[in-house]
Amino acid sequence: MFLLNRHPDHRQPLAEEDYATLGLAGAAEAERFLAARDNHAETPLHALPALAGELGIAALHVKNEGQRLGLGSFKALGGAYAVMQLLLEEAGRRLGRAVDVAELHGPDVTAIAAGMTFACATDGNHGRSVAQGAGLVGARSVIFVHSGVSNERVAAIARFGAEIVRVAGDYDQSVREAARVAAERGWTVVSDTSWPGYERIPGLVMQGYTVIVREALKRLALPPTHVFLQAGVGGFAAAIAGHLAIVLGEDRPRAIVVEPARAACIYETAKAGHPIAIAHSKPTVMAMLECYEPSLVAWRVLSRLGDAFMTVDEEDAVSVMNRLARPSGNDPAIVSGESGGAGLAGLIRAAGDKKMRAALHLDTHSRVLIVNSEGATDPGRYAELVGMAPHEVALARQPA
């Protein structure tokens, strides 16, 4: 499925609050917090000239988030960042003064953190980030996981000391249950999706993701003309598209939002012209993107900056995992999890369709940016789908 953005807000300026969240000052703050973390390292930006040639475009770059902060996905930038910000704000209220990130591990702040509990629902990656963030500051975390989250992903969350609560149903049901229990017990919900009356904290999570853009633009000789962005509830796509638009202005790239055909809540929202929840379908292999209700904040951004919306199928995602693991020419091998390469799957599908190419102005002059949003966050599942263990892929072809 493919749809150009016909919403009346398309190409209109961002709402004031979204501009503030995703703008230069917010991104600089997120980068400053990131720099304060012990295991911070910029993630690589890979050029894939052989694949670009096959697709008939000028350049293809993949920002590889597979090793971000040891968590295996871009989500490491969002949940933990929000936890740190929220703790310092609470410390500021209790101490009656501004509290900087440099004081994060000071006795006054750690005493306050010990009495706080952060909660969220997750498909796997966001919960890991919230749990890690809570562990870093000495707070408690309670992570709600739905029935589709694999035991391996649950174990990866639990190793950060999180209490795990299993919820029957899907991701959206776990979001509601996390919010309900947290409200009853006075916990702080750090969600990556938003709903009426709950926008600021998901905005902080999105603000953390802007670091990806800042790092990528520093490494690119020329800005991208197109960016294909995978979406679950839409927060990641909105954050990347939003910061690119703020930094590049009229030269911003065309932003194409890519979802699993089995869980395309942003696509259906774009089709309807307003946020809607969609019916549950068969589970998708792109488990981190299996969401049936869009984030309201994300849609507010994407209604303005999402230039097109499209879906990819199950086999598209698996094909990309294998294509990145066994690259053409001298392209580097990249470990990409089931959801990580969905943006690239969208590009490959669009590049092979004459009507889509024309609609997106995708041609031999196009420079495309993709974000590999996760590595092998479930190594067993990865090996099953690719036929190699993640470490075997990494050793087989060193990046050019």
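The values are calculated or read from the model by the stated rules, or taken from the named source; none is laboratory data. All values derive from a computational prediction rather than experimental measurement. Here the Cβ is made from the backbone with ideal geometry for all residues, glycine too, and neighbour counts use every protein chain on show. For accessibility, only protein heavy atoms count, side chains too; no ligands or nucleic acids. Shrake-Rupley method; radii C 1.70, N 1.55, O 1.52, S 1.80 Å.
At an R0 of 22 angstrom, the distance between the Cβ atoms of Ala28 and Ala58 translates into a FRET efficiency of 0.10. Using the 1.4 Å probe convention, the accessible area of the chain works out to 38 Å² per residue with neighbouring protein chains retained.
The local environment of Val189, defined by Cβ-Cβ distances under 13 Å, has a net charge of 0 under the rule Lys, Arg +1 and Asp, Glu -1.
Taking every alpha-carbon pair under 8 Å whose residues sit at least 6 apart, segment 26-98 reaches a relative contact order of 23 percent. Rounded to the nearest 20, the size of the Cβ-charge dipole of segment 327-400 about its Cα centre is 400 debye, with Lys and Arg at +1 and Asp and Glu at -1. Its residue count N fixes a reference of 2.2 N^0.38 Å for segment 12-114, and the Cα radius of gyration divided by that reference is 1.44. Cross-link pairs exceeding 30 Å between alpha carbons, from the set Lys218/Lys282; Lys63/Lys355; Lys63/Lys354: Lys218/Lys282.
Diffusion coefficient of segment 267-400 by Stokes-Einstein, Kirkwood radius over Cα pairs, 25 °C, 0.890 mPa s: 149 µm²/s. Multiplying each eigenvalue of the alpha-carbon gyration tensor of segment 175-227 by 5 and taking the square root yields semi-axes of 35, 10, 8 Å, largest first, rounded to whole angstroms. Each part gets one Cα centre, and for segment 26-44 versus segment 329-389 those centres are 26 Å apart. Close amide-amide hydrogen proximity is noted between Phe144 and Cys120, Ala121, Thr122, Val165, each under 5 Å apart and 5 or more residues distant or on a separate chain (H modeled in the peptide plane; Pro and chain starts excluded). For the chain, the fraction of 1.4 Å probe accessible surface lying on carbon and sulfur atoms is 52 percent.
Based on alpha carbons, the Rg and Dmax found for the chain are 19.8, 62 Å.
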